[in-house]
Amino acid sequence: MRMDSEGRARWRQLPLFLQGTGLLFFAIFFIVFFFFHGFEIEGLYSDNFVFGIITTYPFMFGIIYAGYWLDGSRLPVGRYPRIGKWFVGGLVGFLSLNALMISVWPADALYNNLMWGLFAAVVGGAGGVTIGLFEARAIERALAAERQELKRRRVEERNQRLDEFADTVSHDLRNPLNVASGRLELARADCESEHLAAVADAHDRMESLIDGLLALAKSGRDIQETEQVRLSDVVERCWEHVATANATMAIETDQAVRADRSRLRQLFENLIRNSVEHGGENVTVTVGRLDDGFYFEDDGSGIPVEDRERVFEMGYSLSQEGTGLGLNIVKQVAEAHGWRIRVTDGSDGGARFEVTGVDDE
């Protein structure tokens, strides 16, 4: 049963109530003690006072600390009613049991009966709130484990669907394209026509789109495991596998980050390809460190301010030859890691991509 906002507001006061109850027990203890000992300071040195403090003080402190701990804990307010009921139930139950014992076997003096009752209430309350807190934490751990398992299953199902999509794209689109490309080569052997060249260009674009879709499917997979990865190693490897023409690269950081290595390569390969395609064959790209991440920038023509949000959208491209998938893949890879990415002006007027929220431990 879910609590309404008024109920939640009341139960949020439980930590303060526990602390107040513990302090109230302290006050009752001192009032009863001094009332029966003539309010004399010398009573603090008596055996009765020392015995009372030794037997009841730890449980009083336990109740106060339980309220203090609960106030700073991450337990949801929805667990508070059970904790409160355990506290009240333990206090009332143990006190009632001891009250019955006192009625059957009363002590010689009223003071001893009162202190016995106070001790029973304190012990019962402390025991009840302890059980309540342990139960609440056990429930939260069980729910967390269940949520983690459900998340793992969703990740597996999502990744499986993406794999099936990638297989479909690779098989059902590439096969007809390969047949068409073969027929095109036969036609070119028989005759020369500018129309055949246009067909060849269309085939190349379809090939690029298929590669982009496969990369996009892979980039959409959820990340399950990460490792310590050195950025310079990944960028240098990516540079070797992307057609960079006369472009040059500068790596100005030796930082290592926690990431999925293959997915991080996806991010940098698409950033490098984007810079070469839009910044020109002689573009210079630079990778450097930020306080909570890294940046990738070039000295090309840059990206207009009005287009900086849209460049990450699927299918949006500033070039007629572009597929509009590269930067969308970059964004998906960054977000799959829990990172944030934005584009701004580069140091030399080009485009600068800043990736933040990166864990380097």
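What follows draws every value from the coordinates through simple rules; no lab data is involved. Fair warning: this is a prediction, and the values are worked out from it, not measured in the lab. Ideal geometry is used to build each Cβ from the backbone, glycine not excepted, and the neighbour counts take in all protein chains shown.
A few remarks follow.
- On the basis of the beta-carbon distance and an R0 of 56 Å, Asn112 and Ala256 show a calculated FRET efficiency of 0.25.
- Per-selection metrics, the range 1-121 (Cα): Rg and Dmax in Å: 17.2, 55
- Based on C-alpha pairs under 8 angstrom that are at least 6 apart in sequence, the range 1-129 has a relative contact order of 35 percent.
- Rounded to the nearest 20 debye, the dipole magnitude of the chain is 2220 debye, with +1 charges on Lys and Arg beta carbons, -1 on Asp and Glu beta carbons, and the Cα centre as origin.
- Potential lengthening of the chain between Asn282 and Ala180 amounts to 33.2 nm, from the contour at 0.36 nm per residue minus the alpha-carbon distance.
- Contour excess over end-to-end distance, with Cα ends at Asp163 and Phe36 and 0.36 nm allotted per residue: 37.7 nm
- Nearest-0.05 FRET efficiency for Ala145 and Arg342, computed from C-beta distance (R0 35 Å): 0.45
- Listed residue (His195, Met101, Ser301) projecting farthest to the positive dipole end of the chain, Cβ model: Met101
- Descending by average beta-carbon neighbour count within 10 Å, the peptides 275-284, 327-336 line up as 327-336, 275-284, the highest first.
- With the highest mean first, a sort of the peptides 21-30, 304-313 on other beta-carbon atoms found within 10 angstrom per residue produces 21-30, 304-313.
- Net charge of Cβ neighbours under 9 Å - reference Ser347; Lys, Arg +1; Asp, Glu -1: -3
- Nearest-ten-degree value, helix 80-104 long axis tilted from longest Cα axis of the chain: 20
- Note on Ser301 and Glu313: their simple-model spin labels are 2.0 nm apart, each label 7 Å out from Cα toward Cβ.
- Percentage, to the nearest whole number, of Cα pairs in the chain over 32 Å apart: 59
- Label-to-label distance, nm, for residues given as His203 and Glu225 (7 Å Cα→Cβ offset): 4.1
- Amide H to amide H, with H built 1.01 Å from N, Asp299 comes under 5 Å of Thr284, counting only residues 5 or more places away or on other chains.
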